[in-house]
Amino acid sequence: MKNTNENISVNTGMLKTGSWKKVTGAVFSTAVLLLVDFLIIYTLSSSEDGINLADKKKLFLILLGNVIFVIFLVFGEKLSKRMQSKSFFKIADGVILVITPPVMLVFVQMISWLTGFRGRSVSTFTGLVKRVLSMKGFYIFTNLIIYYLLLGVLILIFRKIKTASVVFCYLVVILVMINYFVMEFRGEPFVVLDIVGMGTAAEVVGEYEFKIPLMLGIPIVYSIAFAQFLSRFQTLELGKKSKKNFAARMGVLAVLAAAVIVSFLPIMHKLEPVSLWNINKEYKRKGYIYTLTRETQYIYIEEPDGYSVEKAEEYANEIEEKKDDSAAASDPETITPKNIIMIMNESLTDFESIGEVKSNMEILPYIRSLDKNVKHGLIHVPTFGAGTARSEYEALTGNSMSFLPSGSVPYQLYIRDPEYGMADILKAQGYYTIAMHPNKAHNWNRASVYPSMGFDEFISLENWGDEHQELVREYVSDKATFEKLISVYEDKDPDEKLFTFCVTMQNHGGYTVSSRGSFDAEVKLNYDKKYPLAETYLSLARESDSAFKELLEYFEKVDEPTMIVMFGDHWPKIEEDFLAQVLGANRMSLDLVDSQKYYTTPYVIWTNYPSETVEEDFSSNYLGSYVMKLAGLEMPGYNQFLMDLKEQLPIIGVGAVCDKDGNWYATDDLPDNYQKLMDEYDILEYNNQFEKKTILENLFTLNK
């Protein structure tokens, strides 16, 4: 009797556990569907175009998907039991398992085709299906292999194929939706290395609006309905639950992982390289999962072709000889500033230098009016819409992102201690070095990076103080930030030399009215279509211009020779149609050379003492060295090399370089003389950033 009671108790417990899991799964899937429905309705209600016949058809498909989901949720289990009792449907579980990856491949590729502003040109569901089916057979095959491998791994982990299949469905949809929203928020696709920056991205994700257009809602809703179908109709299990079963599954998983590493990944890496400058096109044409997998080859930094410490030393000796000659020819009358202030202004862009902006007022009137004691022009940065720390890294270290994996953020992956660059060089020449940022110190890992770079002090939001905290939206304004710069200057010892590097926050993305505190846009655009995000951004940029004017007017009256540098880190992510108005074409339709325009921001190098006025364009990897050269400061050989390289290749862009005569070349198709220069740069940068044993420190720092 005791055993009977124990069996009843165990069975009851198992029943309760099983029922609880079913209820939890049903609640989760229903909540996800309701969230998607809410975002679809919210997106539709916020549209000013109204509902046309095509929208009604899409709404019908979405409603039908919801009905199918409810049928599977409420009646699916009963239908499944009836079907399983029929001998004809005995093989149904196997069929369902086999079709799961192909079905999800179709849904994922539908979402990929709808990602980015060009995805909006897909206006009909049949047109979307045709684009998905246009994928070449080779890529369909390779994507399916990856899908089956992923599903197999999940089956080994979860044992229950139903659970593994549902997790698989949600996982691949989440992955492709991450790319969709990253494109919406920053205008650049998601890449594998973006995973490292998720922490910083999470800090600002609340600033953006999540919207799901009707066409996008269709594959999402049906993928959720398909997952619900799997949860009801898939009954296979990989053996019974036991310790032996678990050990066997983990053993197979280990063997599978080893096989993939040893054979599959090397084969993938030998295939045609991924076009990183237009990777969203790769996601569409070659498959999202396939391309994402291919990106793993760029995670690890390999030695450049021909690299050796001896080769780096050979280049270093040549640089030192040239350095001695240039030092003898340097201008003894160059004024060395006692104060160097360098400002990287968040999202500052001079659209008026790119094309016509039909607005009621000039956007950067003061900056564009500067014509005395100033060097100015466009600086080419390595990122668009986000990735501030990439531009910052280039400017402060002199290293180029062109030799590093696309999507990587060196601040989070590659920084060493010490990290040689501008702060270290100025500190060696008696400057007290301060970094400033009116936001959280851990963003982009700056709290760890700045001390390694040689900054004596880091003033962040945590120790900013109660003064100079005026907000525009919910960010410290540029006006308040520049007042803090002045305060830091006024607090220094009169005999002290000061280098201050400041990263602003006022113009950060999230330009929707509801995303941040109230802000009245004074800039109004005159186009047939409204661009509220652009109007907000342009109004913010105009405030930056006004604040910069006040900063320069203050230092005009300062007796100590002072140099002030300001540049933008990247373009803002605003309406693509507005950007097309400025560029004269859709951004994604531009070729490699024309696409360089949207990697340009303005820069200004101003002095309160007499200096030559020059207008020129160059890339941000040269900025720090150029500032030190203009200041008449001593530079290590690496920085002198960069100044010599700037004379030959003033712009090292994204996938392309521009020579001194204005000729553009793709980086994988350079003339031999320019390829030799880039190879030399690559080898020196590798020794600087990645060499583990013999770093040529005398080439990169003055402290040795």
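List of remarks:
- Computed per residue of the chain from DSSP H runs no shorter than four, each worth -39500 (n - 2.57), the mean residue ellipticity at 222 nm is -17000 deg cm²/dmol.
- Its relative contact order, with pairs defined as Cα atoms under 8 Å and 6+ residues apart, puts the chain at 18 percent.
- Rounded to 10°, Cα long-axis angle of helix 478-491 versus longest principal axis of the chain: 50 degrees
- Proximal lysines relative to Lys211, as straight alpha-carbon distance under 17 Å, when same-chain residues fewer than 8 apart are discounted: Lys58, Lys573
- Prolate/oblate/rounded call for the stretch 410-537, Cα gyration tensor, a/c under 1.5 rounded: prolate
- Angle between the chain longest axis and helix 2-45 axis [Cα atoms, degrees, rounded to 10]: 50 degrees
- Three-way shape label, the stretch 499-549, alpha-carbon gyration tensor, a/c 1.5: prolate
- Candidate residues Asp545, Asp493: accessible-area rank, largest first, probe 1.4 Å: Asp493, Asp545
- Per residue, the chain exposes 45 Å² of accessible surface when a 1.4 Å probe is rolled over the protein heavy atoms with every protein chain present.
- Straight-distance candidates among the lysines for linking to Lys676, with alpha-carbon spacing under 21 Å and chain neighbours fewer than 8 residues away dropped: Lys311, Lys322, Lys323, Lys646, Lys660.
- Simple spin-label estimate for Tyr432 and Asp495 gives 1.3 nm between the two label positions (7 Å along the Cα-to-Cβ direction from each Cα).
- Ignoring lysines fewer than eight residues from Lys372 along the same chain, the ones with Cα atoms less than 21 angstrom from its Cα are Lys338, Lys549, Lys557, Lys629.
- Of [x] 26.1, 80; [y] 29.0, 105; [z] 26.2, 92, the label for Rg and Dmax of the Cα atoms in Å derived from the coordinates: [y]
- Neighbourhood net charge (9 Å Cβ-Cβ; Lys/Arg +1, Asp/Glu -1) for Leu533: -1
- Counted charge near Pro671, where neighbours are those whose Cβ lies closer than 12 Å (Asp, Glu -1; Lys, Arg +1): -3
- Other residues with beta-carbon under 13 Å from the beta-carbon of Val593 carry, at +1 per Lys or Arg and -1 per Asp or Glu, a net charge of -3.
- For the chain, the longest principal axis of the alpha carbon atoms and the long axis of helix 388-397 meet at an angle near 40°.
- Secondary structure note: in the chain, about 45% of the DSSP beta bridges are antiparallel.
- Efficiency of FRET between Lys78 and Lys240 - r from beta-carbon atoms, R0 30 angstrom, step 0.05: 0.75
- Prolate/oblate/rounded call for the stretch 459-514, Cα gyration tensor, a/c under 1.5 rounded: prolate
- Accessible surface, 1.4 Å probe, highest first, among residues Thr504, Thr336: Thr336, Thr504
- Only protein atoms count toward the accessible area here, which uses a 1.4 Å probe; on the chain, the carbon and sulfur part of that area reaches 57 percent.
The values are calculated or read from the model by the stated rules, or taken from the named source; none is laboratory data. All of these numbers come straight from a predicted model, not from anything done at the bench. Neighbour counts run over all protein chains shown; Cβ positions are idealised from the backbone, glycine included. For the accessible areas, the whole protein counts, side chains as well, though only heavy atoms, and no ligand, DNA or RNA atoms are used. Shrake-Rupley method; radii C 1.70, N 1.55, O 1.52, S 1.80 Å.
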